[in-house]
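Some notes on the structure that comes next.
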Amino acid sequence: MSFLHPLALLLSIPAIAITLLHGRRQRRVTVSGLGLWQALAGTQQAVSPARVWPRPSWALFWQIVALLALVLALARPFWGQVAGDQHWLVIADDSALTARDDLAGALARLDHAIPAGRQVSVITTDSAALPLIVQQSARAGLLAGLAPQQGEGNPDWAGAFALAQRLDPGRIVILSTHAPTGAPDGASHIPLAAHENNAAPAPEFRFAPPTFAAADPMWHAAFAAYGAVPADAADVALLRGRDDPARGGLRLILPEGVRPGPHHITYWQDHHPLLRGIDWPALVLDTAAPFTPAADEITLLANDQGALMAAGPRHLRLGFDPAQSNMAETLPLLLAGRVLDWAGLSGARHCLIGQSCAMARALIGQVLTSADGQQMPVDAPWVIAKQAGVYGFEGRAVLQISPAPLVAPIAAELPVLRFPLDLTAWFLGLAALALVAEGWLARRAGAGRGLLIWRGAALGAVALSAAWPVLPLPRMAPSTAELTSSDPMALHLAAAAMPHGGALRLTTRALPDDLAQPLARLAASGVTVDIAAPEPPAGDVALTAAYLPQVIYAGDQVVARLGITAQRATQATLTLTAGEQQISTMVDVQLGANRVDLPLAMADTGAVDVVIELQAVGDPAPDNNRLVLPRDTLAAPRIAVVAQDDGPRDAVAGMLIDQGFDAIPLTPGRVPVNPDIWDRYDAALLLDLPAIALEMRQSELLASRVQDHGLGLVIAGGPHSFGPGGYLETPLETLSPLSARLPHEGPGIAMVFVLDRSGSMSQTVGDVTRLDVAKQAVSAAANLLDPQTGSLGVVMFGSEAEVALPLGPLPDAAGIAAALGHLQPGGGTNIYPGLQLAFQALRASDADARHIVVMTDGMSDEADFPGLLAAIRAEGITVSSVAIGSTSETSIAEDIALLGGGRFHNTRDFGALPSILAQEALMLRGAVIEEGQFPVMAEAAVPYTPGPISGLVRTRLKDEATPLLSAALPDGTALPLLARWHYGQGQVVALATAMTGRWSADWQQQGLTPLLLAQALRQVLPAPQPEGIRRAGDTAVVSLLAGQQVMLDGTALPQRAAAGGLVEVTVPLGPAPQGLMLHDGDGMRRLGLPGIIPTADMAQDYSAALAAEIAARPPTQARAATVDLVLRPWLIVLALALFLAEILRRYGYVLPRLTLHRKG
């Protein structure tokens, strides 16, 4: 047996007094009056009371038993070893490894084992360690009522143990299947059963595309580009002038009553998901309508007249029209995509169980539901994925969670906690029995009614101590607390510890844009949260924002855009330091928001901290005048320069090398067919390259690398590109923002295709035969002819020739398929009779242009081709030829084209046949090449407008493309010259003129060609993969691969396990830590961290918006606003005191009683 309070055993000493009281006997003495006076005068010796050994009695027995039972109950006896620690910490593994029912049972057993009145904290470990309760007084049902859910991730032991150190417990108990390694010293373990079904596959769930309501054609096209469809009850509604909260979904409020500009941006939040990645300081607005944001709106953009963009809980308010700006071509599209993403409408995000999944702000406060009925409340911009499944909201996919690969636990040696038996209640029962028994005996012996009062009070105190060991009392005043750190875990601890109705003030230097989850948890517990930035002193001047491009290459000239907020007008010195380069300038700072642009040349590669410092005259708080922007200046991007001719290829590669690129000249045959080789390049430049120069597998792989991997692509034109280069029906046409498919214009055209159907055409090309490819090519070419004026015929030849489709009005695709569908390969190769049938058909046609295309894949029989072709040419008919495949006879086919006045195509790739036939059809429709002197006009904001050009290829601007330059023809027509667009993850720029040769001779003389090429390539270069870093309040969480370490001043920072085999490290923010390095197998490199110092207005905006979001949520799992008063020991002491007082009242005379008698 052990005791929690062994000193209480000293209270058993009164048992000796009780025994002595039973050993005293009172004697009656009769004396004379004289004797009395003698006794009073001290002349007679006093008579001492008799002292005898107490005789055994039931009264004495029950009195001793009652006293000892009360004393033992006060000493808190336990059968078995018990810890006397005041603070117990329970780490409960609720991950996928542990059976939920067994965990619940262990918590219930701990409920009875932890002594009442002790402080108890509970941490759960599933995926990410979180405090469930913190320093709550132990009482019946505290742990049993937690009811943890069955997790599906791995336990976060590292996070749990780090959190345990912050709580500083006296006793740690771990509930898990295996004792984990790395547990704190002194921890004990309670083994649990393992969970059998650790993960379930995500169920299938189908959702509808997002919808929008927009009357403006510009916004209509912008949202439609992301796959959204128009609808009346839309997910995103665009409203002009005023809000309509009655509408569901997200509202985009557009301005009215704008003021003429120009208007410049002086304040921006580039970390917000709606604004991230856009150079907002460079935005110049032609018109604007600045406004004062509402209480529930966060200001995102502003100038000196008011807010220009503000975000509310379910709406976004704009104070400008993106079309009336210097970013008119791109800004509506960029905003539409970010709005859909912000609203959670851009498709389902994919996360592993245990990861922090970013959620759209418009979904905060909603509940997501999976196909099998699982629900997930969204209380923050980040949710921790707990259960596998596909979750949606209002019929749309939002989040897809896959089971994380479970990590097998590694068992450690920890002592197993044995539950001791609390004997307090037993001894209280024994004390009550003894008090009742002794009282009954005393009443039989003649004790008065006073005994009943005293004994009843003692029994009542014993009963109360057994029934109410702890008494919850109302808190007289709400609990208040103040935090100066916006670490999310500090907020989680506050949510687990603060009582209902408390108040918390959070003062932070880092804008808490990812703290909504713990803050919402506090709000659900009835805790009022007030967020504030450190109050700046009067007259403060502070650096509040900075923008520098994330992607910087060695040799780049960049602009650092800086935001300064001042409470007074003053002069200041602004210094920018990057490595050995330092720039200083004097700035006249005005009251309010200021913006300053500083140019910066990045010369060397490698990591550099761009340090911005502001020194203002009389600044009372200079500590907020320094910002550090870590940047990695990347090595020269590698460019694959592809061209058929050596001269232009080598000349352009040399130009790019002079511009700081690593240019690699490639012949078309060296264009990679292996995806791994493309990984060595950042972009590709095609110079006047015909489609036939690349095999179809080369073109398809190039398109895949652009679309799926972000490879940049620049297509430079020339006489052999676009339409003349056969781009139609090839991946190059799909990739280019300029299309070779022109409107149906030009003369009437009559075409006859003479196609080989010999036995060799039965060979397969992929899943179809060569003849099938030829049939598809005819359909593709027919689509380019004018249905009103065009005519088409098909002749097939083997050993003999036949007319498969008589020359006539242009049939549709179904008609062509029906005419050619029955033809099968077979026979030899005899071109001559087929050419004769084509000649006969066209000789009777009166079309303006008559043309024959001969295609063969083999060696033809000998015949009088020169005589037949002379007769054909005499009728004004032209003939082109295509020699295709490895066995084709190129000499006869080449002679046919030469004598027929047409074009000769030679390729081994049957996949190129549709392109070749389409090219032939296109070239008959009129001039696709324009030559002359054409002025160049800017269609968008470009660094410079070059001089005139002498030639270009006619193309058509695709609907989603952005025009940059155009060329003006003499008739006033403007032809697209330079355009760009996004293609999947990559970007493509297309130029309709040549970069070398006479077409761009003026550019070359002006030295503009290298600059234009460099500018085009920089637009398409892919952004480097960002560091695995996310800001979490005043800290940054860095995700690392196994084996990597983050070093701070040479010391490795502690790591914790994360999902997917990664580890995470938490690094404090603020002024950029010096000496922060990432160590991996390749050595050490500097680690860049984010950092923002907000103004007080920013914090107040966020606080108001958060309050608006959570105001409507009812309190859930709220703790009572009470204080626990431990009553049991005081009630036991009261019972003991009442019992002893009554015994002393009954036996407590210390003098004998005297009786006086008078004589006669």
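Please verify whether Leu805 is at pLDDT 80 or above, closer than 18 Å to Ile877 by Cα, in the same structural domain as Gly900 (by TED's automatic domain parsing) and hydrophobic (A, V, I, L, M, F, W, C), treating the condition exactly as stated.
Judged against the criteria, Leu805 is not a match.
Scan region 279-302 residue by residue and report those that are in contact (Cβ under 8 Å) with a residue 60 or more places away in the chain and in a strand (DSSP E or B).
Ile298, Thr299, Ala302
Counting only residues that are over 20 Å from Ala425 (Cβ atoms), touching an Asp or Glu at 6+ places or on another chain (Cβ under 7 Å) and not charged (D, E, K, R), which one in region 107-138 is surrounded by the most Cβ atoms within 10 Å (Cβ to Cβ)?
Thr125
Do we find that Leu634 is within 34 Å of the chain's Cα centre (by Cα), buried (at least 18 other Cβ atoms within 10 Å of the Cβ) and aliphatic (A, V, I, L, M) in this structure?
no
With respect to the numbered conditions (1) out of contact with any Pro (no Cβ under 7 Å at 6 or more places or on another chain); (2) farther than 26 Å from Ala683 by Cβ; (3) in a strand (DSSP E or B), which one is the sole condition not fulfilled by Gly618?
The one condition Gly618 does not meet is (3).
Among the residues of region 248-265 satisfying the criterion of being under 28 Å from the mean Cα position of the chain (by Cα) and not aliphatic (A, V, I, L, M), which is farthest from Met218 (Cα to Cα)?
Gly248
Does Ala96 meet the test of being modelled with pLDDT under 85, assigned to a loop (DSSP other than H, G, I, E, B), more than 30 Å from Ile16 (Cβ to Cβ) and in contact with a Lys or Arg (Cβ under 7 Å, 6 or more places away or on another chain)?
Answer is no for this residue.
Only one of Thr292, Thr266, Thr299, Thr287 is outside the structural domain of Leu562 (by TED's automatic domain parsing), among the hydroxyl-bearing types (Ser, Thr, Tyr) and under 17 Å from Pro322 (Cβ atoms); which?
Thr287
May I ask you to list pairs of residues, at least six apart or on different chains, whose Cβ atoms are under 7 Å apart, with the first in region 882-911 being among the hydroxyl-bearing types (Ser, Thr, Tyr) and part of a strand (DSSP E or B) and the second being surrounded by 15 or more Cβ atoms within 10 Å (Cβ to Cβ) and at pLDDT 80 or above?
The qualifying pairs are Thr907/Ile692.
Please specify each residue of region 783-820 satisfying the condition of being crowded, with 19+ Cβ neighbours inside 10 Å, small (Gly, Ala, Ser) and in contact with a helix residue (DSSP H, G or I) (Cβ under 6 Å, 6 or more places away or on another chain).
Once the filter is applied, which keeps residues that are crowded, with 19+ Cβ neighbours inside 10 Å, small (Gly, Ala, Ser) and in contact with a helix residue (DSSP H, G or I) (Cβ under 6 Å, 6 or more places away or on another chain), region 783-820 yields Gly793, Ala801, Ala804.
What tally of residues in region 167-197 results from selecting those that are over 21 Å from Asp102 (Cα atoms) and touching a Ser or Thr at 6+ places or on another chain (Cβ under 6 Å)?
1
From Val527, Val541, Val558, Val589, which residue is more than 19 Å from Gln269 (Cβ to Cβ), among the β-branched types (Val, Ile, Thr) and modelled with pLDDT under 75?
Just one listed residue meets the conditions, Val527.
Please tell me if Gly539 is in contact (Cβ under 8 Å) with a residue 60 or more places away in the chain, over 30 Å from Ala635 (Cβ atoms) and in a strand (DSSP E or B).
no
How many residues are among the acidic types (Asp, Glu) and assigned to a loop (DSSP other than H, G, I, E, B) if we restrict to region 789-839?
Summing the residues that are among the acidic types (Asp, Glu) and assigned to a loop (DSSP other than H, G, I, E, B) in region 789-839 gives 2.
Looking at region 157-181, I want the residues that are at positive phi and among the aromatic types (Phe, Trp, Tyr) and have a partner that is buried (at least 20 other Cβ atoms within 10 Å of the Cβ) and part of a loop (DSSP other than H, G, I, E, B) with Cβ atoms under 6 Å, at least 6 apart or on another chain. Which pairs are those?
No pair meets every condition.
Could you give every pair whose Cβ atoms fall below 6 Å, whose first residue belongs to region 227-251 and is surrounded by fewer than 13 Cβ atoms within 10 Å (Cβ to Cβ), and whose second residue is hydrophobic (A, V, I, L, M, F, W, C) and part of a strand (DSSP E or B), counting only separations of at least 6 or pairs across chains?
Between residues of region 227-251 that are surrounded by fewer than 13 Cβ atoms within 10 Å (Cβ to Cβ) and residues that are hydrophobic (A, V, I, L, M, F, W, C) and part of a strand (DSSP E or B), the close pairs are Arg240/Leu254.
Hey, among Leu598, Leu562, Leu576, which residue is free of Cβ contacts under 8 Å to residues at least 40 places away in the same chain and surrounded by 21 or more Cβ atoms within 10 Å (Cβ to Cβ)?
Result of the check over Leu598, Leu562, Leu576: Leu576.
Inside region 292-312, can you point out the residues that are surrounded by fewer than 20 Cβ atoms within 10 Å (Cβ to Cβ) and closer than 19 Å to Leu238 by Cβ?
Correct list: Ala294 only.
Taking the options Ala466, Ala431, name whichever one is under 23 Å from Pro56 (Cα atoms) and either at pLDDT 80 or above or of a type in the set (Val, Ile, Thr) (or both).
Residue meeting the stated conditions: Ala431.
Conditions (1) modelled with pLDDT of 75 or more; (2) outside any helix (DSSP H, G or I); (3) under 30 Å from Ile123 (Cα atoms); (4) not hydrophobic (A, V, I, L, M, F, W, C), marked per residue:
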| residue | (1), (2), (3), (4) |
| --- | --- |
| Ala442 | yes, no, no, no |
| Ala447 | yes, yes, no, no |
| Ala457 | yes, no, no, no |
| Leu473 | no, yes, yes, no |
| Ala477 | no, yes, yes, no |
| Leu493 | yes, no, yes, no |
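Leu68: under 30 Å from Leu441 (Cα atoms), outside the structural domain of Glu1064 (by TED's automatic domain parsing) and not in a loop (DSSP other than H, G, I, E, B), yes or no?
Yes.
List the strands (runs of 3 or more DSSP E) that sit entirely inside region 937-1008 and contain at least 2 residues that are touching a residue at least 40 places away in the same chain (Cβ under 8 Å) and touching a helix residue (DSSP H, G or I) at 6+ places or on another chain (Cβ under 9 Å).
949-953, 974-983, 986-991
The values are calculated or read from the model by the stated rules, or taken from the named source; none is laboratory data. The model shown is predicted, which means the values in this text are computed figures rather than measured ones. Positions of Cβ are generated from backbone atoms using ideal geometry, with glycine treated the same way; all protein chains shown enter the neighbour counts.
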